[in-house]
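Here's the structure, in structure tokens; my notes come after.
The values are calculated or read from the model by the stated rules, or taken from the named source; none is laboratory data. Quick caveat: nothing in here was measured; it's all calculated off a predicted structure. Cβ placement follows ideal geometry from the backbone for every residue including glycine, while neighbour counts extend to all protein chains displayed. Remember, those area values only see protein heavy atoms, side chains included, never the ligands or the DNA or RNA. Shrake-Rupley method; radii C 1.70, N 1.55, O 1.52, S 1.80 Å.
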Amino acid sequence: METRVALIGIIVEDPDSVERLNHLLHENSRYIVGRMGIPYRERDVSIISVVVDAPAEVISALSGRLGMLPGIHTKTVYSKLGSA
């Protein structure tokens, strides 16, 4: 199955959604290449970057499910690279 490399940018404005967010990421951990989180205390938000290598439909579904959580905003950037 062909996979894509993508970056999912996540901004967390509602800390009550973090547990569900982490659960969704854990469910898809086999696709996650790396994750970096930055707490921005001055603005009371957290920024998370998640790099994934997965089928396009998995990336789209994960990004969509994350974005439906209250106080969670996502954007996804796809690489032009196909499967390795």
Could you tell me how many degrees, from 0 to 90 and to the nearest 10, lie between the Cα long axis of helix 18-27 and the main elongation axis, the longest principal axis, of the Cα atoms of the chain? 20
Mind giving me the nanometre distance, one decimal, between the label points for residue 80 and residue 41, set 7 Å out from Cα along Cα→Cβ? 4.3
Accessible area per residue of the range 12-75 at 1.4 Å probe, in Å²? 64
Show that you can apply the helix-only estimate: for the chain, add -39,500 (n - 2.57) for every DSSP H stretch of four or more residues, divide by all residues, and state [θ] at 222 nm to the nearest 500. -8000 deg cm²/dmol
Determine the relative contact order of the chain: mean sequence separation of Cα pairs under 8 Å and six or more apart, normalised by residue count, in whole percent. 50
Given charges at beta-carbon only (K, R positive; D, E negative), |dipole| of the chain in Debye: 260
When the chain is modelled as a GNM with alpha-carbon springs shorter than 10 Å, which of 41, 65, 20 fluctuates the most? 41
